[in-house]
Each structure stands twice: as C-alpha cells, then as structure tokens.
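Here the structure is laid out as structure tokens; the discussion comes afterwards.
The values are calculated or read from the model by the stated rules, or taken from the named source; none is laboratory data. Note that the structure is a prediction, hence the values are computed from the model and not measured. Cβ atoms come from the backbone with ideal geometry, glycine included; neighbour counts cover every protein chain shown. Each accessible area value is taken on the protein alone, full model and side chains, heavy atoms only, with ligands, DNA and RNA left out. Shrake-Rupley method; radii C 1.70, N 1.55, O 1.52, S 1.80 Å.
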Amino acid sequence: VFGIVAFALPALAGYLPYDALRTKADKRQEGIDLDFPNVLSKMTLLVTAGMSLTRAIENTAASGDTLMYRELRLAVREIDQGATVAAAFARMQCRCENRFLDRLVSVVTKSYTAGNVNLAEDLREINADCWLEKKHSARRMTESIQNKLFIPTMLMFVGILIVIVVPAMAGFNL
C-alpha cells in the first residue's frame with residue numbers, strides 16, 4: 001500500500017499542473033477560434049471599403065477587447081515599433097494556432113510582396129470559409145450538448161411516467 005501511495009502521489013502532483021495548463025490552453029484556443037471570424041469580417045469589410053491593410057488592421061484591433069483583438073493589438077504595436085506587417089503576423093501566427101490565420105498570414109505576405117491585386121477577394125474567400133467552419137463548429141457543439149443531456153432527459157421522462165401511470169393504475173381496482 002505504501003508503494004502504491006508513494007507512486008501515486010508524485011504522479012498526481014505532476015499531472016495536476018499539466019492538466020490545469022492544458023485546460024487553460026484549450027480555453028485560449030477556443031477563444032481564438034470563436035473571435036477570429038469577427039476579426040476577419042471587420043478587416044475584410046474595411047479593406048473592401050478601400051482602406052489600406054495596415055489601417056484596417058489598426059481599426060480592427062481597436063474595436064474589441066477579447067483575446068483575438070488583444071493579439072491583433074500586440075501585432076499593431078510590433079508594426080509601430082518597426083516590424084513589417086508580415087513579420088508581426090508571423091509572430092501572431094506562432095502565438096495563435098488557427099488554420100484561417102495561417103491563410104490570412106500568407107495572403108498578407110503575398111499582398112506586400114506581389115502587390116494588393118486581389119487582396120479584398122482573397123480576404124472575402126477566407127472570411128466565407130471561416131464563417132462556414134464556425135457554423136459547423138456550433139453544430140458540433142450543440143450535438144455534443146444534446147448527447148450529454150440524453151440520460152437526464154430520459155430520467156425525467158421516466159419520472160413523469162411514474163407520476164402519471166402509478167395513480168392511474170391505482171385507480172383500477174383489479
């Protein structure tokens with residue numbers, strides 16, 4: 001018994017901080033995934049309206065206070081300190097793992113090296129794909145919630161049946 005406790009206690013002490021860190025990272029990733037479509041929509045709207053990309057990034061970063069907007073403000077601060085837009089976005093890409101952010105970084109890099117020929121169209125395409133993925137993600141989340149609520153719903157159904165059927169059966173004096 002002492003050997004099991006001597007092994008389990010350090011294992012538990014090592015696992016709990018890891019689990020807390022993993023939970024924190026999962027929440028951060030979920031926040032990024034939820035906010036990114038809104039950030040991208042604002043940026044796309046501003047670029048489509050004729051604003052320059054750097055000005056659109058600055059206005060988008062200043063328009064919110066969630067995690068993705070803070071990351072964008074950090075990228076704007078790096079740009080103001082002399083970093084290129086592509087380098088600031090590449091560092092943001094390292095901090096925030098999102099496949100649509102990867103596509104955005106490649107489009108921004110391409111627009112600065114080859115010119116802003118199809119920038120608005122590329123942003124619209126990424127935005128449409130991003131919102132489609134957000135819809136699918138919301139559908140998956142509702143399905144998982146429905147699965148978690150299946151057993152409590154069935155227990156309530158059985159309870160209601162008992163409340164209705166037992167008095168009805170007691171009324172039949174067989």
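For this structure, a couple of remarks:
- Scanning the range 63-76 for residues that are in contact (Cβ under 8 Å) with a residue 12 or more places away in the chain, surrounded by 13 or more Cβ atoms within 10 Å (Cβ to Cβ), among the hydroxyl-bearing types (Ser, Thr, Tyr) and not in a helix (DSSP H, G or I) turns up at least one hit.
- For the range 24-62, the set of residues classified as touching a residue at least 40 places away in the same chain (Cβ under 8 Å) and under 16 Å from residue 130 (Cβ atoms) consists of 29, 32, 33, 34, 36, 37, 40, 41, 43, 44, 47, 48, listed by residue number.
- The residues of the range 134-174 that are in contact (Cβ under 8 Å) with a residue 40 or more places away in the chain and of a type outside the set (Lys, Arg) amount to a single one, 137.
- Residue in the range 47-62 that is most open to solvent (accessible area, probe 1.4 Å), counting only those that are more than 22 Å from the chain's Cα centre (by Cα) and among the β-branched types (Val, Ile, Thr): 48
- Consider the range 77-131 and keep the residues that are in a loop (DSSP other than H, G, I, E, B) and within 14 Å of residue 53 (Cα to Cα). The one that is least open to solvent (accessible area, probe 1.4 Å) is 115.
- From the list 33, 19, the one residue that fits, being over 26 Å from residue 103 (Cβ atoms) and of a type in the set (D, E, K, R), is 19.
- Single unsatisfied condition, residue 51 versus (1) closer than 17 Å to residue 119 by Cα; (2) assigned to a helix (DSSP H, G or I): (2)
- Members of the range 143-174 that are under 26 Å from residue 40 (Cβ atoms) and open to solvent by less than 70 Å² (accessible area, probe 1.4 Å): 144
- Test: residue 129 is within 18 Å of the chain's Cα centre (by Cα) and charged (D, E, K, R): yes
- Unmet requirement for residue 138, which otherwise passes all of (1) open to solvent by 60 Å² or more (accessible area, probe 1.4 Å); (2) under 14 Å from residue 33 (Cβ atoms): (1)
- Checking residue 5 against (1) in contact with a Leu (Cβ under 7 Å, 6 or more places away or on another chain); (2) open to solvent by 70 Å² or more (accessible area, probe 1.4 Å), the condition it does not meet: (1)
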